[in-house]
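*Asks:* Can you keep this structure in mind? I'll have questions shortly.
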Amino acid sequence: MEQTTTAAPSFHHRLAITGMSCAGCVAAVETALRSAPGVAEAQVNFADRTAQITANVPAETLIQAVRAAGYDAAELRDEASAEAEREAAEQAHYRRLIRNTVVAGALAAPLMAAEMAGWLPALATPNGQMFWIAAGLLTLAAMVYSGGHFFTGAWRQFRHHNANMDTLIALGTGSAWVYSMLVALFPSSVPSLAQHAYFEAAVTIIALVNLGSALESRARGKTSAAIRRLLGLQPKTARLVEGDQERDVPITTLGVGALIRVRPGEKIPVDGAIVAGQSTVDEAMLTGEPLPVVKQASDPVTGGTVNQTGSFVFRATRVGADTVLAHIIASVRQAQNSKPPIGRLADRVAAIFVPSVLIVAVLTALAWFNFGPEPRAGFMLVTTLTVLIIACPCALGLATPISIMVGVGKAAEYGILIRDGAALQRTGQLTTIVLDKTGTVTTGRPTVTAVLAAPGFDEAEVFRLAAGLEAGSEHPLARAILDAAHERGLAIPAVERFAAIAGHGASGVVEGRALLAGNRRLLEEQGIDAAPLRADAERLAAQGQTPVFVAVDGQPAGILAIADPLKPDSIAAIARLRELGLQVALLTGDHAATARAIAEQVGIETVFAEVLPTAKAEVIAGLQAEGAVVGMVGDGINDAPALARADVGLAMGTGTDIAIESAGITLARGSLHGIADAIAISRATLGNIRQNLVGAFLYNTLGIPLAAGALYPATGLLLDPMLAGAAMALSSFTVVSNANRLRGFRPQEKSS
């Protein structure tokens with residue numbers, strides 16, 4: 001007898017990683033996590049020092065894997081407390097770096113000033129030797145206090161057969177101090193030209209690196225502003241209604257079904273539906289839509305939005321991690337931790353960067369020692385030290401994740417939820433946008449505008465029977481027919497043997513009569529001649545109305561004309577897309593004439609009409625085969641295959657969960673302006689990443705040869721180690737500051 005095994009469920013873990021100092025550390029931690037048993041995927045974000053892991057093992061197993069690689073980790077669970085802890089840790093880290101800078105700088109500044117003024121004694125004199133030995137001991141104390149973490153980090157990496165930025169700094173400054181102390185203790189053992197101490201260089205470099213890290217930490221803290229803002233939307237307490245009593249309780253104690261009162265000006269604590277009262281609700285922080293929304297009994301409300309004018313009681317339907325706000329925060333966090341394809345090159349380079357720099361440093365030392373001028377030992381030390389200091393790969397490691405964090409946060413401000421970095425990058429490369437019609441270009445709330453009966457049938461009877469049939473359907477057009485029937489006070493008969501026919505319509509039996517309702521193709525496939533209705537159908541379709549054909553007992557009985565009005569901003573939003581250089585197409589299962597009429601109203605030239613749900617993905621594939629990079633925009637279950645097939649799927653947040661799950665980007669406010677905003681933000685983010693990467697690569701490409709002494713044969717100039725330290729410190733700060741420019745970016749939205 002065969003036994004079946006089921007795979008262990010996968011969990012998403014988020015860890016805070018400590019001990020990472022450069023991009024090489026990212027590669028080491030990711031390798032350690034991915035090598036752990038049960039891990040499906042692991043991504044480490046150097047910008048906020050976290051790791052996102054999908055695995056079927058507990059977090060403790062992952063923490064042990066990180067520790068085995070020479071780093072430390074802790075699990076992050078509750079988003080609000082985790083963000084608060086991370087911010088507190090970042091502040092403490094910043095203060096510690098400033099202290100380190102001040103202590104090292106307090107010794108470095110007078111030493112440098114005295115050196116430049118020529119006040120320091122020569123090493124060869126007895127007083128000079130004592131002075132430099134004392135200076136060396138003071139320097140050692142400053143290096144231990146202000147730079148001890150570099151040496152302990154380098155030792156930890158050495159024990160685990162790794163190397164990182166700490167290795168470079170520890171080797172550079174440590175070599176400078178050891179050489180200087182040997183010269184101070186035994187000055188006669190080296191030629192007179194080599195009798196020079198580099199204590200001030202070692203301690204100055206320690207001060208500059210700490211200062212650069214502090215500036216980077218301060219600037220990096222601004223990148224998580226979007227997450228902090230989202231977390232700040234949720235209140236800490238809710239007013240629970242229990243019979244005649246009301247009391248404030250922590251929202252963590254709320255359960256599904258709880259009755260909660262919201263007063264004017266208060267934030268709605270969790271998701272639910274109003275049971276009593278009415279009000280207007282400001283949903284701008286979640287959707288980007290500035291106008292408040294009227295809410296009354298049975299209307300849904302979303303946690304984090306702000307009640308304005310009235311008071312109401314609602315029943316909680318989603319709490320905790322299930323709320324819309326919690327999902328948005330998780331989505332933003334996941335996207336911020338993901339890596340776009342453009343960032344993988346930097347990861348590959350960073351993984352081998354530090355070992356390569358060590359090799360270059362050894363070659364530099366050998367070249368100067370064997371072929372350099374006197375004092376060879378001095379030149380060898382200075383150039384090797386400068387190579388080790390200037391080659392820090394921090395800027396390279398920050399170039400991509402810091403921009404992704406800011407770009408994804410900026411998109412969230414505009415109600416654009418980006419699933420991952422790949423979707424963010426691909427959105428900026430789109431050449432063609434394909435729009436579904438119903439619920440995307442139009443409001444998705446169609447209404448019946450006319451009922452036309454064929455000869456021998458009564459309009460009211462046709463309408464009543466059609467409403468009875470459509471009572472079994474969940475299609476938006478069916479809902480429009482039922483709403484119109486209720487408004488006219490019609491008694492809707494029951495339907496038997498109802499069957500939905502995908503892409504065509506529905507069939508069933510109403511009051512003993514066989515009914516069909518749908519498009520012309522449905523009637524023709526059932527052998528019913530729709531010719532008597534064709535002229536009216538074409539006239540209605542030319543006006544942008546959808547004709548629903550009705551057949552009774554095998555005879556064409558009439559047409560229900562249904563119009564789905566355009567969204568107020570569709571015309572302006574589509575004009576923005578064309579201004580961005582995109583080809584725009586309309587894709588719908590609706591009648592061809594109706595689709596063309598809608599397309600003409602909004603300024604779309606390419607139309608794919610009467611397309612079955614199963615064929616929508618084929619249309620996308622056809623465009624891709626022609627070389628187009630396609631973004632598909634939709635909101636319904638029938639759009640899911642096309643959304644998944646497109647290079648980027650963009651789902652309207654007002655649509656179905658299946659459509660949203662199939663898409664890489666969700667437009668929370670349901671406006672087509674969100675597409676243009678997403679493309680503009682993507683292009684700005686990609687441009688920012690390219691600037692960072694070019695700057696980081698250029699810095700190291702030019703800096704390392706200069707540090708090794710490439711200009712010396714022609715000019716006699718060498719790069720000072722302290723200047724190298726300053727340049728290294730500023731490179732990371734420059735990258736972070738450049739990424740933060742995105743926080744002020746505003747997509748140009750034109751009013752409709």
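The values are calculated or read from the model by the stated rules, or taken from the named source; none is laboratory data. On a predicted model such as this, the values are computed, not experimentally measured, just so you know. Cβ atoms come from the backbone with ideal geometry, glycine included; neighbour counts cover every protein chain shown. Each accessible area value is taken on the protein alone, full model and side chains, heavy atoms only, with ligands, DNA and RNA left out. Shrake-Rupley method; radii C 1.70, N 1.55, O 1.52, S 1.80 Å.
*Asks:* Probe radius 1.4 Å, ligands and nucleic acids ignored: give me the carbon and sulfur share of the accessible area of segment 144-195 as a rounded percent. Can you show the working numbers first?
*Replies:* Values: 1790 of 2570 Å².
Of all accessible area on segment 144-195, carbon and sulfur atoms account for 70 percent.
*Asks:* Another one. Which whole-Hz couplings ³J(HN,Hα) result when phi for each residue of segment 230-244 is put into the Karplus expression 6.51 cos²θ - 1.76 cosθ + 1.60, θ = phi - 60°, listed in order with x for Gly and Pro?
*Replies:* My calculation for segment 230-244 gives 5, 5, x, 6, 8, x, 7, 10, 9, 9, 7, 9, 10, x, 8 Hz in order.
*Asks:* Just to check I understand the Karplus step: with θ = phi - 60° and J = 6.51 cos²θ - 1.76 cosθ + 1.60, what whole-Hz values come out for segment 570-584, glycine and proline as x?
*Replies:* Calculated HN-Hα couplings, in order: 4, 4, 5, 5, 5, 4, 4, 4, 5, 5, 7, x, 9, 7, 10 Hz.
*Asks:* Next question. With the Cα gyration tensor of segment 356-457 in hand, convert its eigenvalues to equivalent ellipsoid semi-axes via √(5λ) and list them largest first in whole Å.
*Replies:* Over the Cα atoms of segment 356-457, the semi-axes work out to 70, 13, 7 Å.
*Asks:* With N residues in segment 439-578, what two-decimal value do you get for its Cα radius of gyration over 2.2 N^0.38 Å?
*Replies:* 1.07
*Asks:* Enumerate the amide H contacts of ALA238 below 5 Å, restricted to partners 5 or more residues apart or on another chain; note that Pro and chain-start residues carry no placed amide H.
*Replies:* Residues meeting the amide H criterion: VAL249, ILE251.
*Asks:* Packing-wise, with mean Cβ within 10 Å as the measure, how do 130-141, 60-71 rank, highest first?
*Replies:* 60-71, 130-141
*Asks:* OK, next. Peptides 47-55, 87-95: what's the order by average Cβ count within 10 Å, highest mean first?
*Replies:* 47-55, 87-95
*Asks:* Hey, another quick one. Which far-off residues, 5 or more places away or on another chain, put their amide H under 5 Å from the one on ILE562, with H placed in the peptide plane?
*Replies:* THR449, THR546, VAL548
*Asks:* Relative contact order for segment 48-160 using alpha-carbon pairs under 8 Å, separation at least 6, rounded to a whole percent?
*Replies:* 31
*Asks:* Sort HIS673, HIS12 by heavy-atom solvent-accessible area, probe 1.4 angstrom, most to least.
*Replies:* On the way: HIS673 5, HIS12 145 Å².
Sorted by accessible area, descending: HIS12, HIS673.
*Asks:* Also: Please arrange LYS236, LYS567 by accessible surface area, largest first, computed with a 1.4 Å probe and ligands excluded.
*Replies:* LYS236, LYS567
*Asks:* Compute the distribution of all C-alpha to C-alpha distances in segment 600-729, in bins of 5 Å from 0, and list the percent of pairs in each, rounded to whole numbers.
*Replies:* Here the calculated profile for segment 600-729 is 2, 9, 12, 14, 13, 8, 5, 5, 5, 6, 7, 6, 4, 2, 1, 0.
*Asks:* Please report how many Lys pairs in the chain have alpha carbons closer than 17 angstrom, counting only residues at least 8 apart along the chain or sitting on separate chains.
*Replies:* 7
*Asks:* Separation of segment 425-474 and segment 40-74 by C-alpha centroid, Å?
*Replies:* Taking the Cα centre of each part, segment 425-474 and segment 40-74 sit 50 Å apart.
*Asks:* Show ARG746, ARG520, ARG14 ordered by accessible area, largest first, where the area counts protein heavy atoms only and the probe is 1.4 Å. All intermediate terms of the calculation are to be shown ahead of the outcome.
*Replies:* Details: ARG746 125, ARG520 70, ARG14 20 Å².
Descending order: ARG746, ARG520, ARG14.
*Asks:* Tell me, what is the 1.4 Å probe accessible area of THR701, in Å² to the nearest 10?
*Replies:* Only protein atoms counted, so the area is about 90 Å².
*Asks:* Once phi is turned into ³J(HN,Hα) by the Karplus curve 6.51 cos²θ - 1.76 cosθ + 1.60 with θ = phi - 60°, what whole-Hz value does each residue of segment 312-322 show in order, with x for glycine and proline?
*Replies:* Here the 3J(HN,Hα) series is 8, 10, 10, 9, 5, 10, 9, 10, x, 6, 8 Hz.
*Asks:* Please work out how much accessible surface ARG464 shows to a 1.4 Å probe, ignoring ligands, DNA and RNA, in Å² rounded to 10.
*Replies:* Answer for ARG464: close to 50 Å² accessible.
*Asks:* Can you order the peptides 607-617, 489-499 by their average number of other Cβ atoms within 10 Å per residue, highest first?
*Replies:* Top of the packing list down: 607-617, 489-499.
*Asks:* Right, something else. At a Förster radius of 30 Å, what calculated FRET efficiency corresponds to the Cβ-Cβ distance of THR701 and THR54, to the nearest 0.05?
*Replies:* Values: r = 36 Å, r/R0 = 1.20.
Working from the Cβ atoms, E equals 0.25.
*Asks:* Continuing with this model, one more query. Hey, could you get me the Stokes-Einstein D for segment 82-190, Kirkwood radius over alpha-carbon pairs, 25 °C and 0.890 mPa s, rounded to whole µm² s⁻¹?
*Replies:* 153
*Asks:* Also, I was wondering about something else. What residues qualify as long-range amide H neighbours of VAL629, i.e. H under 5 Å apart, gap of 5 or more or another chain, H built at 1.01 Å from N?
*Replies:* Answer set, sorted by chain and number: THR431, THR432.
*Asks:* Jot down the radius of gyration and Dmax of the chain, Cα atoms only, both in angstrom.
*Replies:* Every Cα atom of the chain included, Rg and Dmax give 33.9, 124 Å.
*Asks:* What's the angle, to the nearest 10 degrees (0 to 90), between helix 721-740's Cα axis and the longest principal axis of the chain?
*Replies:* Long axis of 721-740 versus the principal axis of the chain: about 10 degrees.
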